[in-house]
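K.L.:
For reference, the structure I am asking about is given below.
The values are calculated or read from the model by the stated rules, or taken from the named source; none is laboratory data. Because the structure is a prediction, the values reported are computed rather than measured. Cβ coordinates were reconstructed from backbone atoms using ideal geometry, including for glycine residues, and neighbour counts include every protein chain displayed.
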Amino acid sequence: MSVDSIFASYRYFQHVENELRVDLTFKPHILDTARNWLEAQTPEKWRGKQFVRVVVHVRRTDYNSAYHKRDGWPMPTADYMRRSMSFFTNCFQRVLFVVLSDDPAWCRANVNAADVVYSSGHSPIVDLAIASLCDHAIMTLGTYGWWAAWFANGVTITQKNLPKKGSALSRRLYRADHYKPEWIGL
């Protein structure tokens, strides 16, 4: 017998989500590192003013293969990034986009807005803590991005074309199970 599916689903723990948010916390020194970095990234002109932080998780490097493309994993595009970021800039006056990625060069070339900062040199756990301190999320592929969005716990934008319709992946990853109902596909 072979089981071939993707088992990441909010439904496994939706009945205990509030308790899980209390239990899944970061060690103080990790949270302090994340807080200090975010504070240092806040534009001077916004100090003392309300603004929102949107974590942008971009996973590209290990999914940019012929196998993954054939399987139905769509690569994030600059157009997806523009549309997702516009969603937030159309809703809020001041938005700081916080980019976490395994492909920082692609992000610097394609994730552009007036106020964007790029995390680099942090451990994955510090980056996840940074995501938890953001208000909203834009996610691409993968479980790490899913958890980054879950920790941000605000409005989340997902790739509408994930999985590609009719692909092998679409028989293993069910959007209705994988993404929370309030998350928005663009």
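K.L.:
May I ask you to list pairs of residues, at least six apart or on different chains, whose Cβ atoms are under 6 Å apart, with the first in region 83-106 being at negative phi and the second being among the aromatic types (Phe, Trp, Tyr) and part of a helix (DSSP H, G or I)?
P.N.:
The qualifying pairs are ARG94/TRP46; VAL95/PHE88.
K.L.:
If you don't mind, another one. So which of ALA176, ALA113 ends up being surrounded by fewer than 19 Cβ atoms within 10 Å (Cβ to Cβ), under 19 Å from PRO43 (Cβ atoms) and modelled with pLDDT under 95?
P.N.:
Values: ALA176 fails: under 19 Å from PRO43 (Cβ atoms).
On inspection, the qualifying residue turns out to be ALA113.
K.L.:
Condition first: farther than 20 Å from HIS136 by Cα and not hydroxyl-bearing (Ser, Thr, Tyr). Now tell me which residues in region 164-175 satisfy that.
P.N.:
Of region 164-175, the ones farther than 20 Å from HIS136 by Cα are 164-174.
Correct list: LYS164, LYS165, GLY166, ALA168, LEU169, ARG171, ARG172, LEU173.
K.L.:
Something else: Just to be sure before I move on: is ALA148 at pLDDT 95 or above, under 23 Å from ALA40 (Cβ atoms) and touching a His at 6+ places or on another chain (Cβ under 6 Å) in the structure I sent?
P.N.:
On the way: at pLDDT 95 or above: yes; under 23 Å from ALA40 (Cβ atoms): yes; touching a His at 6+ places or on another chain (Cβ under 6 Å): yes.
It is true that ALA148 is at pLDDT 95 or above, under 23 Å from ALA40 (Cβ atoms) and touching a His at 6+ places or on another chain (Cβ under 6 Å).
K.L.:
OK, next. Quick one: is ASP62 modelled with pLDDT under 95 and either at positive phi or part of a helix (DSSP H, G or I) (or both)? I'd like the intermediate steps shown before the answer.
P.N.:
Working: modelled with pLDDT under 95: yes; either at positive phi or part of a helix (DSSP H, G or I) (or both): yes.
Yes: the conditions hold for ASP62.
K.L.:
Does at least one position in region 117-129 carry a residue that is assigned to a loop (DSSP other than H, G, I, E, B), in contact (Cβ under 8 Å) with a residue 60 or more places away in the chain, surrounded by fewer than 19 Cβ atoms within 10 Å (Cβ to Cβ) and not polar (S, T, N, Q)?
P.N.:
yes
To keep it simple, each residue is scored yes or no on (1) closer than 21 Å to ALA78 by Cα; (2) surrounded by fewer than 16 Cβ atoms within 10 Å (Cβ to Cβ); (3) touching a residue at least 40 places away in the same chain (Cβ under 8 Å); (4) out of contact with any Leu (no Cβ under 8 Å at 6 or more places or on another chain).
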position	(1), (2), (3), (4)
GLY142	yes, no, yes, yes
ALA149	yes, no, yes, yes
ILE157	yes, no, yes, no
ALA168	no, yes, yes, yes
ILE184	yes, yes, yes, yes
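Quick grid of which residues meet (1) modelled with pLDDT of 95 or more; (2) in a helix (DSSP H, G or I):
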| site | (1), (2) |
| --- | --- |
| PHE7 | no, no |
| VAL22 | no, yes |
| LEU31 | yes, yes |
| VAL54 | yes, no |
| TYR67 | no, yes |
| ARG70 | no, yes |
